[in-house]
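What follows is calculated from the coordinates using simple rules that are stated; it is not laboratory data. Predicted, not measured: the structure shown is a model, and the values here were computed from it. Neighbour counts run over all protein chains shown; Cβ positions are idealised from the backbone, glycine included.
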Amino acid sequence: MERVNAILRHPVYQSYYHRLEKLEQDRPFCRHQAGHLLDVARIAYIRCLEEGCSLDKEVVYAAALLHDIGKSLQYEQKIPHEISGCVIAAEILGTLPPEAAFSEAEKEQILTAIRGHRRLRKEPELLERLLYESDKASRACFACPAEPECSWDEEKKNKEIQL
């Protein structure tokens, strides 16, 4: 997981991650921190294995770790986080050290998945679909004390464990 850990250590990632952490410290609803990011990564990779996909594990984890990186700009500047996140992720992916670099094709897969993780388009790419589904599946609404006040549509809430 050398490439994924290079993302985690990247100063731009660290800056935006901690900024978001501070903005969400009193948020009663779902937060977008390590627990959520790793849940999304693990679910996406498990689904990938179950479907017999050939996606690289680090590509799946990179997309999951980066998918909400633009969330602070959504809070502060009203820029949808899938758009700002794509810009930030491109900067991070483009400035990783050579030994941790993703190929151009992998970068494009990751960026496409980030752009598409909020609204599934017709005929999404594989990673895009997996990230979208896993992001939604990662939420344990059935155990959330703030669920009654949550603005998510009732049909989107995870009210039970699904396999």
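Starting with the fewest neighbours, write out E51, E154 ranked by other beta-carbon atoms found within 10 Å of each beta-carbon.
Values: E51 12, E154 8.
By the 10 Å Cβ count, ascending, the order reads E154, E51.
Counting C-alpha atoms alone, how compact is segment 1-92: give Rg to one decimal and Dmax as a whole number, in angstrom.
According to the Cα coordinates of segment 1-92, Rg and Dmax are 13.5, 40 Å.
With the dipole of the chain worked out from charges on the C-beta (+1 for Lys and Arg, -1 for Asp and Glu) around the Cα centre, which of L130, I46, H32 lies farthest toward the positive end?
Of the options given, the answer is H32.
With the contact rule set at Cα under 8 Å and sequence spacing of 6 or more, what percent relative contact order holds for the chain?
On the way: 195 pairs, mean separation 39.3, N = 163.
Worked out over the chain, it gives 24 percent.
On alpha carbon coordinates alone, what is the Rg over Rh value for segment 25-163, Rh being the Kirkwood radius?
Radius of gyration relative to Kirkwood radius: 0.97.
Taking the Cβ-Cβ separation of E51 and R31 as r and a Förster radius of 35 Å, what is the calculated FRET efficiency to the nearest 0.05? All intermediate terms of the calculation are to be shown ahead of the outcome.
Working: r = 29 Å, r/R0 = 0.82.
Using R0 = 35 Å, I get an efficiency of 0.75.
Tell me the net charge near P28. Cut-off is 11 Å between Cβ atoms, P28 excluded, with +1 for each Lys or Arg and -1 for each Asp or Glu. Mind dumping the intermediate values first?
Values: positive: R27, R31; negative: E24, D26, E147, E149.
Once all neighbours under 11 Å are counted, the net charge is -2.
Report the far tail of the P(r) of segment 3-52, meaning the percent of Cα-Cα pairs longer than 19 Å.
Cα-Cα pairs in segment 3-52 separated by more than 19 Å: 41 percent.
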